[in-house]
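See structure below.
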Amino acid sequence: MYIYSYIFLVVCVLISVAYVTLLERKVLGYIQLRKGPNKVGFMGLLQPFSDGIKLFFKEQTFPYMSNFIIYFFSPVFMLILSMLIWSLFPYLINICSFNFGVLFFLCCTGLGVYGVLMCGWSSNSNYALLGALRSVAQTISYEVSMALIMISVLIFTFGFSLLNFMVYQRYVMFIFFSFPIFFCWYSSCLAETNRSPFDFAEGESELVSGFNVEYSSGGFAFIFLSEYMNIIFMSLFSCVLFLGNNIGSLSFNLSVLFLVFGFIWVRGTLPRFRYDKLMYLSWKIFLPVSLNYIVCFLGFIHLML
């Protein structure tokens, strides 16, 4: 049952990734006053599958001077890591839930840096290496604030299991008394997943697509799948942390959909940050705010006890 449930979950996630890409192209099209994909199938519903077939059947090219083994396996490593994170999905019937889910999440997001770094370094391209180095500095910086924000929320649940968040938020959601820190968390999620306006790893205007510039065919598809699986999971994790709805309820699914839509909306409206402003935002704004919230919540818990 563990294996069957996990395979079913991964298949559902891959199908949702396909339609999130279609949603993104449609939303960006309407933001830019044009239509998105609308030819393949009814209203373009088969477009993601045609794109996937095209990607996987194209010729796999690789740079002659690249470190081939690392170059070849880095996208696979990124995809496996994204699939591993999805094992945290908080099943209500406790199929594969475990008590240290938040710690496992921090471990997996910490390892995600190595996938991007190996992709950029093994390509033996200056553009790819620059994109990878930017991404590493950015991800490490924002992991600090993410961890502190999670600690400030974990103070109220007395445990690391994701199921605790549903129990403790039955009557009041954490977002009501931690609204500013939710925006810090959401911005950190954007930076952690290398999404606009923090997409310095893929800065196409100056780095010609960044760390994945030398990838084509299946390798590019794996990187693409990994990124969108992380986006959907971060949206789900944000809902569990701050909105705490029942996993099986319609409101929870709509909340996740709205947060995924927020990723796309931000990409269509905000320009890319300057790199020094990105670092300033992390170390000078998010870090002090999250530390102050930890002290505030600890004092509140102490008074209540």
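Some points to look at:
- Search result, residues across region 106-116 that are among the hydrophobic types (A, V, I, L, M, F, W, C) and surrounded by 20 or more Cβ atoms within 10 Å (Cβ to Cβ): 116
- Taken over region 44-75, residues that are touching a helix residue (DSSP H, G or I) at 6+ places or on another chain (Cβ under 9 Å) and either on the phi > 0 side of the Ramachandran plot or of a type outside the set (Phe, Trp, Tyr) (or both) amount to 18.
- Whenever a residue of region 48-68 is closer than 23 Å to residue 36 by Cα, its partners that are part of a loop (DSSP other than H, G, I, E, B), lying with C-beta atoms within less than 7 angstrom and at least six residues away or across chains, give the pairs 50/40.
- Entry remark, region 1-36: residues being farther than 18 Å from residue 79 by Cβ, in contact with a helix residue (DSSP H, G or I) (Cβ under 8 Å, 6 or more places away or on another chain) and in contact (Cβ under 8 Å) with a residue 12 or more places away in the chain number 11 in total.
- Residues (over 15 Å from residue 52 (Cα atoms) and loosely packed, with under 12 Cβ neighbours inside 10 Å) located in region 1-25: 1, 2, 3, 4, 7, 8
- Residues that are surrounded by fewer than 18 Cβ atoms within 10 Å (Cβ to Cβ) and of a type in the set (D, E, K, R), drawn from region 148-192: 170
- Leading residue by the ranking (farthest from residue 116 (Cα to Cα)) among those in region 133-147 that are buried (at least 22 other Cβ atoms within 10 Å of the Cβ) and not polar (S, T, N, Q): 146
Each value in this text was obtained by applying a stated rule to the coordinates, not by laboratory testing. These figures come from a predicted structure and were not determined experimentally. Here the Cβ is made from the backbone with ideal geometry for all residues, glycine too, and neighbour counts use every protein chain on show.
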